[in-house]
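> Here it is, the structure in full.
The values are calculated or read from the model by the stated rules, or taken from the named source; none is laboratory data. Quantities reported herein were computed from a predicted structural model and do not represent experimental measurements. Cβ sites come from the backbone with ideal geometry, for glycine too, and all protein chains shown count toward neighbours. Protein only, heavy atoms only, side chains kept; ligands, DNA and RNA dropped before computing areas. Shrake-Rupley method; radii C 1.70, N 1.55, O 1.52, S 1.80 Å.
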Amino acid sequence: MRNSLFHVERMEMTTLQTQIREMLVSAMLSGQLPVGAPIPSTRAMAKRLKVSRNTVMLAYQALASDGYLVARERSGFYVSPDIHDGTMAGIAPLQAEQSNRPEPDWDGRFRVQPSGQTNIEKPDNWRDYPYPFIYGQADAALFPIAAWRDCMRQSMGRKWLDAWTNDHFAEDDQILIEQIRQRILTRRGILANPDEILVTLGAQNALYILSSLLVKRDTTVAIEDPGYPDIRNIFKLRTGHIRNVPVDGEGITLGKELMGSELVFVTPSHQYPTNATMSLDRRKALLEWAVRNNSLIIEDDYEFETNYEGEPTPALKSLDHSQRVLYVGSLSKSLMPGLRMGFMVAPAALIREARALRRLMLRHPPGNNQGVVALFLALGHHDTLIGRLHRSYRNRWIAMGKALDEHFPGWAETPGFGGTSYWVKGPQWLDCNELASRALEEGIVIEPGDIYFSDPENHRNYFRLGFSSIAEERIEPGIERLAGIARAMAPG
């Protein structure tokens, strides 16, 4: 704090000493100068503000008298520990004359205002709740922290120093690209060359890049309904021509709602949020439709590693022989959401443009993160982790299914191929937002389901229950308690 930069503007209506006091009080009350922080010496402050040292000393002594500062012999002045107890003498912060300095008209300057969009909301402190049926978060107890730490240690060694300290402009870690090709894509039946793969900051980053490259103001795009709210919001920033296409037990339907769409977003492995898995016949029909209509398909394979029953269905991309499918994958569900590591697979021409756009946005994902993930994959730790997740999530999947059958009979169907959540449809009288609010008071976190629909007002009776971040033994008690809350809401 002794090196903090301070500045005052000389104003005729008040003395320099008063301005210095107001400047420091504002910094202390706002938290920029925290309790116990040292204040620059009178000599240093006088030099920075280009005023006499005596002026600064008088300001400091006045603040010490008022209780804002404490003086320590041969050490200097420090922010008082009593700064926020309400006993300090009142000093009004310096106010600029608004008439001379009008603020910009922000609403008139924004081309888009994404803050006004409706988004999925979750409590920041969800871990503090005993029953967090929250989606998209990992169970830290299942993560091999020792193996990850070892990969981090190796990546920080001199051998790998240049790999993560250099600015690679638009290029990715080549070892990571090879590991994605060999260990991730082969599981999905996808064959791709290195120039057809781009590393991204999670799947979300990939989706935004694709939207920026492919969606114009007059582009017609199709999304699943119910579907992923963030892709709806991303597309809304680009175009007003959005088709909401219904889904059934086999995923997105191929009816009239799809007609005229130049770009289609789908989640075939586990439809988001219903968990329906697109059948092989439906996948082939969708690909044939894309060829006939000269359309492109974005495949978000966000949960490909959580199939618990039978052999996993091949990715839509693996069936594509016409370069129509743009594949987006993420390691967030198997590693950690906060790592923000994802990738896209597409024709080389598109990847070339995506790489150039990413360079303008962030150049490339952090080299140290790419290096650690590359080692984690190469040393087989990711394969081991997937096996551990399968065993644990499968048990939770079964426990959740049994609990719902017992306490919410007929409200939910067991996902055919797994996933990490259950989609629940309650009676028409149910208000999922009221249920979520009441449940939160009882230590239960659930996700209202209306946000996933294009017409939320008529779908208040849906909600989603995730199980990736809740211990197996807490699932049944939490569902039982939630059922009691729902019964109390029932009419009559």
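> Kindly check whether there is at least one residue in segment 400-422 that is under 14 Å from Pro132 (Cα atoms), among the aliphatic types (A, V, I, L, M) and in contact (Cβ under 8 Å) with a residue 12 or more places away in the chain.
First, the residues of segment 400-422 that are under 14 Å from Pro132 (Cα atoms): 400, 420-422.
Applying the additional criterion that residues be among the aliphatic types (A, V, I, L, M) yields 400.
Pick out the ones that are also in contact (Cβ under 8 Å) with a residue 12 or more places away in the chain and you get 400.
Yes, that holds for at least one residue.
> So which residues in segment 437-492 are touching a Ser or Thr at 6+ places or on another chain (Cβ under 7 Å) and among the β-branched types (Val, Ile, Thr)?
Ile451
> Taking the residues in segment 181-209 that are within 26 Å of Ile234 (Cα to Cα) and among the β-branched types (Val, Ile, Thr) as candidates, determine which candidate is surrounded by the fewest Cβ atoms within 10 Å (Cβ to Cβ).
Once the filter is applied, the top-ranked residue is Ile209.
> Which numbered condition in (1) in contact with a His (Cβ under 8 Å, 6 or more places away or on another chain); (2) more than 20 Å from Pro226 (Cβ to Cβ) is the only one that Gly484 fails?
Going through (1) in contact with a His (Cβ under 8 Å, 6 or more places away or on another chain); (2) more than 20 Å from Pro226 (Cβ to Cβ) one by one, Gly484 breaks only (1).
> Starting from residues that are open to solvent by 60 Å² or more (accessible area, probe 1.4 Å), in a helix (DSSP H, G or I) and in contact (Cβ under 8 Å) with a residue 24 or more places away in the chain, keep the ones in segment 26-68 and report whichever is nearest to Asp82 (Cα to Cα).
In this case the residue turns out to be Leu29.
> So the check is Cβ under 7 Å with 6+ separation or different chains; which pairs have a first residue in segment 1-25 that's closer than 13 Å to Ala62 by Cβ and β-branched (Val, Ile, Thr) and a second one that's modelled with pLDDT under 70 and open to solvent by 50 Å² or more (accessible area, probe 1.4 Å)?
Once the first residue is closer than 13 Å to Ala62 by Cβ and β-branched (Val, Ile, Thr) and sits in segment 1-25, its partners that are modelled with pLDDT under 70 and open to solvent by 50 Å² or more (accessible area, probe 1.4 Å) give Val25/Pro93.
> May I ask you to list the residues in segment 318-358 that are under 14 Å from Asn193 (Cα atoms), open to solvent by 10 Å² or more (accessible area, probe 1.4 Å) and in contact (Cβ under 8 Å) with a residue 24 or more places away in the chain?
Correct list: Ser318, Gln323, Pro347, Ala348, Leu350, Arg352.
> Tally up the residues in segment 245-278 that are touching a residue at least 24 places away in the same chain (Cβ under 8 Å), outside any loop (DSSP other than H, G, I, E, B) and open to solvent by 30 Å² or more (accessible area, probe 1.4 Å), please.
Within segment 245-278, residues that are touching a residue at least 24 places away in the same chain (Cβ under 8 Å), outside any loop (DSSP other than H, G, I, E, B) and open to solvent by 30 Å² or more (accessible area, probe 1.4 Å) number 3.
> Taking Leu339, is it over 28 Å from Tyr422 (Cβ atoms), modelled with pLDDT under 95 and out of contact with any Lys or Arg (no Cβ under 9 Å at 6 or more places or on another chain)?
Working: over 28 Å from Tyr422 (Cβ atoms): no; modelled with pLDDT under 95: yes; out of contact with any Lys or Arg (no Cβ under 9 Å at 6 or more places or on another chain): yes.
Judged against the criteria, Leu339 is not a match.
Table: residues versus (1) under 20 Å from Ala471 (Cβ atoms); (2) more than 25 Å from the chain's Cα centre (by Cα); (3) in a strand (DSSP E or B).
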residue	(1), (2), (3)
Tyr393	yes, no, no
Arg396	yes, no, no
Ala403	yes, yes, no
Glu406	yes, yes, no
Tyr422	yes, no, yes
Pro427	no, yes, no
Arg438	no, yes, no
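> Here's a follow-up. Name every residue in segment 444-473 that is open to solvent by 10 Å² or more (accessible area, probe 1.4 Å) and in a loop (DSSP other than H, G, I, E, B), in order of residue number.
Within segment 444-473, Ile446, Phe453, Ser454, Asp455, His459, Arg460, Ser469, Ala471 qualify.
> For the list (1) outside any helix (DSSP H, G or I); (2) within 15 Å of Val8 (Cβ to Cβ); (3) open to solvent by 20 Å² or more (accessible area, probe 1.4 Å), I need the number of the one condition that Ala71 fails.
For Ala71, the exception is condition (2).
> Would you point out which residue out of Pro123, Pro102 is modelled with pLDDT under 85 and either out of contact with any strand residue (DSSP E or B) (no Cβ under 9 Å at 6 or more places or on another chain) or not in a helix (DSSP H, G or I) (or both)?
Going through Pro123, Pro102 in turn, the sole match is Pro102.
> Also, quick follow-up: May I ask you to list the residues in segment 282-324 that are touching a helix residue (DSSP H, G or I) at 6+ places or on another chain (Cβ under 8 Å) and either among the charged types (D, E, K, R) or on the phi > 0 side of the Ramachandran plot (or both)?
Arg283, Lys284, Glu299, Asp300, Asp301, Glu305, Lys317, Asp320, Arg324
> Which one is farthest from Glu472 (Cα to Cα) among residues in segment 131-149 that are at pLDDT 90 or above and open to solvent by 50 Å² or more (accessible area, probe 1.4 Å)?
Ranking the candidates gives Arg149 first.
> With the checklist (1) open to solvent by less than 10 Å² (accessible area, probe 1.4 Å); (2) part of a helix (DSSP H, G or I) in hand, flag the one item Met361 doesn't pass.
Met361 satisfies all of (1) open to solvent by less than 10 Å² (accessible area, probe 1.4 Å); (2) part of a helix (DSSP H, G or I) except (1).
> Looking at (1) part of a strand (DSSP E or B); (2) within 20 Å of Phe463 (Cα to Cα); (3) open to solvent by 10 Å² or more (accessible area, probe 1.4 Å), which one does Glu224 not meet, given that it meets all the others?
(3)
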